[in-house]
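Encoded as structure tokens, the structure appears first; notes follow it.
Just so you know, all these numbers are worked out from the coordinates, no wet-lab data involved. Every value quoted in this text rests on a predicted model; they were computed, and no experiment measured them. Cβ sites come from the backbone with ideal geometry, for glycine too, and all protein chains shown count toward neighbours.
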Amino acid sequence: MREKTKAILYIILAGVGFSFMNVFVRLSGDLPTIEKAFFRNLVAAFIALVVLIRSDLGLHYEKRHIPMLFMRSICGTLGIMCNFYAVDHMNIADASILNKLSPFAAVIFSIFLLKEKASLKQYAALIGVFIGALFVIKPSLNLADFAPGLIGFTGGMGAGAAYAAVRYLSNHGAKNPQIVFFFSAFSTLVMLPFVIAFYKPMSFFQLFCLLMAGASAAVGQFSITAAYSHAPAKEISIFDYSQIITSAILGFIFFSQIPDALSFIGYAVIIGISYLNWRAGLKADAAGK
């Protein structure tokens, strides 16, 4: 299987994992956002540690990787916090598409970090996807109404920067389990003091939901890290929007959420551009043979 094909399959699997993560986060109820994020990352850190130990890589990190590992972790933590807030205050599908602005940011950051170049068609596709996202977000002049969307947008930008850092690390010899564990452990330790200070007791069901959110996140995290290690962001980022479809379906099943007409227009724009981008990639690959 070609590297690009592997990357596409990984990124679709990541979308499924993150969609279920959002469902379980929403099902956990009115717990503080940082408490939800902490348990999500605690479970992911444990799973990543087990994988890391079994892979014989151990906890040794090369010094040259440390700065970019911190960048990936800081931006990723910001992305998670903002995404969880959006999930709690918006339609799940809408929150997901805000987070899926991350590929747009990933391409931009990859230009600076990896010196990768994108074609005019790829830029046009990403701009089109962004316009489609605006139909779903429905920006408002009322700041109170727009705040969750703005926070979700910030989370998408943070996630994009984090994914660009993942590709940089992968290109410079860092392994998938090392990247995932460093990020999960970092975010867990950073959040711990705030969780202790503002801890809110939870029921068994809430704890179960957060543990499942962590397990789903681990699936998504390993998959997205693998995806960006197999192919450049500019080639696969468009497929990250498959999560929108999964989120919309799960949102309807679990919460009876039905996107409005503008959201459906946005979904159609995004799916259409994704299909055209995929077809263009196939033609380019065929021509290069």
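General observations
- Candidate aspartates and glutamates - alpha carbon under 19 Å from residue 175, same-chain residues fewer than 8 apart omitted: 3, 56, 62
- Surrounding net charge for residue 25, when Lys and Arg each add one and Asp and Glu each subtract one, Cβ distance under 13 Å: 0
- Radius ratio Rg over Rh of segment 68-162, counting only Cα atoms, Kirkwood formula for Rh: 1.00
- Tail beyond 18 Å, pair distance distribution of segment 28-71 (Cα, percent): 53
- In order along segment 60-72, the phi-based Karplus estimate (6.51 cos²θ - 1.76 cosθ + 1.60, θ = phi - 60°) of 3J(HN,Hα) comes to 7, 10, 6, 4, 5, 8, 4, x, 6, 5, 5, 4, 4 Hz; Gly and Pro are listed as x.
- Correct choice for P(r) over Cα pairs in 10 Å bins from 0, in percent that was computed from the model, options (i) 7, 30, 36, 21, 5, 0; (ii) 7, 31, 40, 20, 2, 0; (iii) 5, 25, 32, 23, 11, 3, 0: (i)
- Over segment 150-289, the hull volume per residue, using the convex hull of the C-alpha atoms, is 155 Å³.
- Put simply, segment 1-114 fits an ellipsoid with semi-axes of 25, 20, 16 Å; these come from the alpha carbon gyration tensor as the roots of five times its eigenvalues, largest first.
- Over segment 183-258, the pair-distance histogram of Cα-Cα distances with 10 Å bins from zero comes to 14, 31, 34, 20, 2 percent, rounded to whole numbers.
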